[in-house]
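What follows is calculated from the coordinates using simple rules that are stated; it is not laboratory data. Since the model is a prediction, treat every value here as computed from it, not as a measurement. Cβ atoms come from the backbone with ideal geometry, glycine included; neighbour counts cover every protein chain shown.
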Amino acid sequence: MFHRAVELIGRRWNGPIIRALLDGADRFGEIRSRIPGLTDRLLAQRLRELEREGVVERASSATTVHYTLTTEGQSLAPVIESIAQWAAAWEPPGSTSSAQGRSGADSRRR
């Protein structure tokens with residue numbers, strides 16, 4: 001079960017999508033605008049996947065589609081917040097990417 005949960009949250013774009021929903025985004029364009037680099041096709045695919053997993057719920061009316069987190073999705077709030085806090089503390093200020101920060105640190109240890 002742990003492995004499946006980590007794979008779900010860790011799958012590319014799922015974490016940022018869940019975070020956007022937790023932060024109040026509920027429409028497709030609003031979610032997409034909060035996540036640079038995410039294409040429409042991938043967002044649609046990930047939302048369907050999260051819906052199948054019971055994390056996201058899709059509701060549509062005649063004119064709009066809204067996405068919300070299910071109870072199970074809402075229960076991810078402390079997990080996502082913990083990851084965000086860890087990431088902020090872990091990544092050196094001013095670094096351009098996590099990989100560069102790690103590789104520089106690793107090369108200094110050798």
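Once the Cβ-Cβ distance of residue 91 and residue 59 is raised to the sixth power relative to R0 = 35 Å, the FRET efficiency obtained is 0.45.
The length gained on full extension between residue 79 and residue 39, counted as 0.36 nm times the residue separation minus their Cα-Cα distance, comes to 11.9 nm.
With the simple spin-label model, which puts each label point 7 Å out from Cα in the Cβ direction, the residue 4 to residue 48 separation comes to 2.1 nm.
Within the stretch 1-86, the trypsin sites (Lys or Arg not before Pro) that combine a DSSP coil assignment with at most 12 other C-beta atoms in a 10 angstrom radius are 12, 27.
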